[in-house]
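Single-structure report; data block below.
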Amino acid sequence: MVMKELSAIKYEVRKSRFFAHLYLLEPGEDAAEINRIHRKLYKKAAHHCYAARNADGRSDNTAFGSDGEVGNPGRVLLDVLIQNDLDTHCLIVSRVFGGVKLGPGGVSRAFREAGCAVVDLYLESERITG
């Protein structure tokens, strides 16, 4: 199974690095394989948070995970997908801790900003090429 990556960014907040990626999900694909790939790709990351939607017209299969991170960033990433009408996509953000605690609100905000940035990059490229 080949995952189609649509965009990727690196976002930094108070020495923590957030690596955000947006993927297109084909029918039958799920976020578990993407999550496994990111665990290998970003071995130093403390958390790999994700959200996925795979709507087929009849149902909307959603999943999200916060990987033990405070602030429920998986749910925050799902909200980013919903707000941007991305219904066959997976958004994953891997965080490499920089030594400065952000607190639950700061963590949620950082994941939201990283997620929004990678989605905005994709939507802008679609606008230019579409």
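Using only side-chain charges placed at the Cβ, +1 for Lys and Arg and -1 for Asp and Glu, the dipole size of the chain relative to its Cα centre rounds to 860 debye. Once the Kirkwood radius over Cα pairs is known for region 6-122, the Stokes-Einstein relation at 4 °C and 1.567 mPa s delivers a diffusion coefficient of 94 µm²/s. Taking each residue as 0.36 nm, the span from Asn72 to Ser125 lengthens on full extension beyond its C-alpha to C-alpha distance by 16.2 nm. Placing a pseudo-label 7 Å from each Cα along the Cα-to-Cβ vector at Ala55 and Leu41 gives an inter-label distance of 2.5 nm. Each Cα pair under 8 Å and six or more residues apart adds its sequence gap; the mean of these over the residue count of the chain is a relative contact order of 31 percent.
Where a number appears in this text, it was derived from the coordinates with a stated rule and is not lab data. Model, not experiment: these values are computed from the prediction. FYI the Cβ positions are ideal-geometry reconstructions off the backbone, even for glycines, and counts take in every protein chain you see.
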